[in-house]
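Down below is the structure, laid out as structure tokens.
No lab work stands behind these numbers, since they all come straight from the coordinates. Please read all numbers here as calculations on a predicted model, not as lab measurements. Don't worry about glycine lacking a Cβ; one is built from the backbone with ideal geometry, like all the others, and counts go over all protein chains shown.
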Protein chains: 2
Amino acid sequence: MSETPYQALTVETLPLRLGAHLSERLGSPPESWRVREVGDGNLNLVFIVEGRQGGVIVKQALPYVRLVGDAWPLPLKRSFFEYHALTRQAARDPGRVPAVYHFDEAQALTIMEYLTPHRILRRDLEAGVKHEGLADQLGNFCARTLFRGSDLSMKTAERKADVALFADNVALCDITETLVFTDPYYSAPLNRHTSPQLDGIVAQLRADVDLKVAAQQLKLKYCNHAETLLHGDLHTGSIMAHEGEARVIDPEFASYGPFGFDVGMLIANFLMAYFAQSGYERRPGERDDFRAWTLDVAEGVWDRFRAEFAHLWRTERKGILFPAALYEDQGHALAAEQALAALMQDIWIDAMGFAGVEMHRRILGLAHIAEFEHIENEDARASCEAKALRLGRHLAVNRARLLGFADVRAAALRLEREGIA
Amino acid sequence: MSETPYQALTVETLPLRLGAHLSERLGSPPESWRVREVGDGNLNLVFIVEGRQGGVIVKQALPYVRLVGDAWPLPLKRSFFEYHALTRQAARDPGRVPAVYHFDEAQALTIMEYLTPHRILRRDLEAGVKHEGLADQLGNFCARTLFRGSDLSMKTAERKADVALFADNVALCDITETLVFTDPYYSAPLNRHTSPQLDGIVAQLRADVDLKVAAQQLKLKYCNHAETLLHGDLHTGSIMAHEGEARVIDPEFASYGPFGFDVGMLIANFLMAYFAQSGYERRPGERDDFRAWTLDVAEGVWDRFRAEFAHLWRTERKGILFPAALYEDQGHALAAEQALAALMQDIWIDAMGFAGVEMHRRILGLAHIAEFEHIENEDARASCEAKALRLGRHLAVNRARLLGFADVRAAALRLEREGIA
């Protein structure tokens, strides 16, 4: 198939084109397979293919941004980066990403594990469905992939070759660079927000010098600080969950970047889910328990990330940075602890900054989130969004002044209780 | 010639092998050329070739570290990185690096401008010879190459491709990673220092937890923070000077790294020259004037770097970071100034850190500097070196507490006046 020029799959052509790769796994004949196109993301075709013996996911990149159309071309090579990210993540945190069965670079196509009956986590955050163990699994995923993808762990020649490989993921980095860090902070053409309700606060944020400086300082880190291989788009729409099992999908935005990016973006999405709950309450307080849980998950992700990262630091620090030769081997174990504390503080500060801009771009930019979008009453939606905007500004600007998650929690609780006046 | 397998040139074979490239520039016949091998660096062959009409430099990489021998192999590809760095530097600060006439990748060989009667600056720092305009030229070189090699200026797709290209300069980065940031801080096999005079202070430094943490924090920045294309080895042995003209050579250590690296390393070398002067005084005070000049140059490099970087920020900021669309175009010019002030503070802090470790590795590590090495009296040499070690520790550990060069100057003057007690 790889000799054939790229052609987008359809429900009709898929069985014939991929039969050879799928027959053994799904059971023959291909004509008996059930094929559904279910891509609800912004970029790709996603097919569920089921036969008598089992099912698979077939994900194929389109040569443009699905959300926008062919006016916004996007390189097919993103599927190459997704494939390479999936294999690395699978090695670094086994079982947390879907297994890859086949990759075809020319067709920009990956056949992978069908996670069922898992649901996109974001839908459950909207519906008010909890998942046991979520924070621990996601915190561990961040710690393991970020630690093991860095010069704290890898052979540096391998890491440098990997930096070169992922440096070509220019188009998807550009999306993040533009849509996350810049567009929300001025009236860029692709922006939209709940209007007129949010017009006032939006004008305030776009006149907020401290915020606009912070956003670009964070952009510099995202663009230049190649500390580790990021997932690059780790929001709650990139997570599937079912009965105590969370799986992380869709790493096509993978690039080398700062330790704090993925974990900060993830925390932001739980904070937004927190503020979205009141939009779904038929009576006041109905979602109190679930609302509290979203905040607990945000805190739990950070706590587990921190604990697991520290564990790996103490047991797997075999890269060129902070070598035991200088510390433990010289009887200076506390030098290693001092360095860890300083690095963790830097990661925390960055994570809070990235959390802040993520909250802004999901309300002011091009790509919004379902939890807010599905609140039909626009005043109610704007009220939820305004709180998230306020907290985002607080986190981004004051990121170096927050001593721990308790400070974030206190700010979130206060906004939720008092509104934004 | 590029079909021929690599073969090191000799004084005897050079005219025949390079005749076709040189005849027009030097004048025929090749047999009449004067060829001298003058490489006094640590890594390469360097020939001066002179004919009736002119002269050129022929620089060829050897497949090992010249300073150590063939027990330490080193990829020939470093000449490729040097060539690419030279062409970029020439575009970013015209006239400051030698013109390249020919590059042969297979032979790891560059034919370039013969700078004459320029001398290696380090020799003049030992001999007590001043150069007019030095600080301005070097400060501008740092500002222009570092600003214009970053996402503040470049198209980011080009910068990312360039990051990928230079990411393969693994072997030379490894030298810096190991010899600058790690080896000096424990008893690594390649280390040496003036002994027994410095044994006490060396033991202190290697037990200094704050210092050892700082050194690795700076290493993380060097390894991971791909902010701009560095020269990578910008010490006073990589600068040639003559009557008001300084030229920068030897960028084979070029890699993407933090803004503060080159400028910090350069300042460190002037600070070391400052402390070396007493080793050459036949009577106390003989070098007072020159000693004061070395400190003025160190300060001048920083001042000019800062001023030129700010000028470029205000006039050439056309990259994806801190775009005018967010600031000036919104009537928020002071947001751009706020962001510049914060970035310049970060660069200053990093530069002081890199200056500190550079001073240590030149006294404790493998590659020492002539100004100290040529002080024949070992007690006198150790006295000079000890002051530099103390200042290096002060800068590396307190880098975020130094408000400006006045603080560095005060510390240097006090060490020079009071000794290290």
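Details
- The spread of Cα positions in region A:332-421, taken along each principal axis and listed from longest to shortest, comes to 60, 29, 18 Å.
- With contributions of -39500 (n - 2.57) from each DSSP H run of at least four residues, the per-residue ellipticity at 222 nm computed over the protein assembly as shown stands at -16500 deg cm²/dmol.
- Neighbour-count ranking [beta-carbon atoms within 10 angstrom, fewest first] of B:Leu340, A:Leu413, A:Leu125: A:Leu413, B:Leu340, A:Leu125
- Relative contact order computed over region B:226-305 (Cα-Cα under 8 Å; 6+ residues apart), in percent: 29
- Comparing B:Glu299, B:Glu371, B:Glu105 in a Gaussian network model of chain B where C-alpha atoms under 10 Å apart are linked, the largest mean-square fluctuation is found at B:Glu105.
- Cubic angstrom per residue, convex hull over Cα atoms of region B:109-151: 125
- Put simply, the C-alpha atoms of the protein assembly as shown give a gyration tensor, and the ellipsoid matching it has half-axes of 52, 32, 25 Å, longest first.
- Cα gyration tensor shape of region A:14-113, rounded if a/c is under 1.5, else prolate or oblate by comparing a/b with b/c: oblate
- Ordering A:Leu321, A:Leu295, A:Met265 by the projection of their Cα atoms onto the charge dipole of region A:119-418, which places +1 on the Cβ of Lys and Arg and -1 on the Cβ of Asp and Glu, puts A:Leu321 at the extreme positive end.
- About the Cα centre, charge dipole magnitude for the protein assembly as shown (Lys/Arg +1, Asp/Glu -1 at Cβ), debye: 480
- Cross-link partners of B:Lys221 among lysines (Cα-Cα below 29 Å; sequence separation of 8 or more within a chain): A:Lys155, A:Lys160, A:Lys212, A:Lys219, A:Lys221, A:Lys318, B:Lys77, B:Lys155, B:Lys160, B:Lys212, B:Lys318, B:Lys387
- Taking A:Asp151, A:Asp70, A:Asp168, A:Asp233 and counting other C-beta atoms within 10 Å, the order from fewest to most: A:Asp70, A:Asp168, A:Asp151, A:Asp233
- Taking all Cα-Cα distances within region B:260-326, those exceeding 16 Å account for 59%.
- Contact order relative to length of region A:119-418, as percent, for alpha carbon pairs under 8 angstrom and 6 or more apart: 29
- About its Cα centre, the dipole of region B:297-415 is roughly 280 debye, where the only charges are +1 on Lys and Arg Cβ and -1 on Asp and Glu Cβ.
- Dividing the Cα radius of gyration of chain B by its Kirkwood radius returns 0.97 for Rg/Rh.
- For chain B, a simple Cβ point-charge model (Lys and Arg +1, Asp and Glu -1, everything else neutral) yields a dipole of about 340 debye relative to the Cα centre.
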